[in-house]
Amino acid sequence: MRYYVYSLSDKNGIFYIGKGTGTRMYVHAHKAKTTAKNHPTLNKIRKMLLEGEEVVYNQIQFFETSKEALDREKELIADIGLENLTNITPGGEGLPQGYVFSEEHRKNLSEATKKAIAEGRRVPLYKGGGEFSEEALAKISQSSKERMTPEMRAHLSEVGKSKLVDGKRVLSEEARQKMRESAARTNQLKRERKAALEK
């Protein structure tokens, strides 16, 4: 298995850096089109799609090990600056489960987020600040369907089938644990951002 570091860009440049294998870098756009989940990257992609702009994908570098890819991901995020990206962590393994931000870090995060929203680099996440309506999500989904070629549909179908066992999707315990940790981090960040924006 080969790992790679990738970027997502709009007309103004890179807005997200990630690490993955296979078709990982396309997952963000798929989630943006098919879910209402609040996340800076997904909201950014939804805004782009509503404005008729396409995401530009780039596999920056390939690696033999996950650690090498994670280290490179951290380097690139540090070079570009987290405040200029929709990433919510500085990369690598992310934040450990149960991690609590210091008061200073929360303040810096709040100020950086408000600045990015004011400059149009991020889309607000909460009501009164730009949540996507069901109508907007439907428009995004329809726009996506119109642009998807038969070849793209066939590829996505094959990728999905390759992950099934006896017709069902089976996750390893490691994958389940990662999902639990990711959900815990996301919920913590949502609570902190909501509290910061309500001040």
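Annotations
- At full extension, ASN12 and ILE60 could sit 15.5 nm farther apart than now, given 0.36 nm per residue minus the alpha carbon distance.
- Residue pairs, from the table LYS33/LYS67; LYS11/LYS31; LYS47/LYS67; LYS33/LYS107; LYS74/LYS107; LYS67/LYS194, whose Cα atoms sit over 27 Å apart: LYS33/LYS67; LYS47/LYS67; LYS33/LYS107; LYS67/LYS194
- Amide H contacts of GLN61 (H built 1.01 Å from N, under 5 Å, at least 5 apart or other chain): VAL5
- Under 5 Å, built H, 5+ apart or other chain: amide partners of LYS19: TYR6
Readers should treat all values here as calculations from the given coordinates under stated rules, not as data from a laboratory. Keep in mind that this is a model prediction, so the values were computed, not measured.
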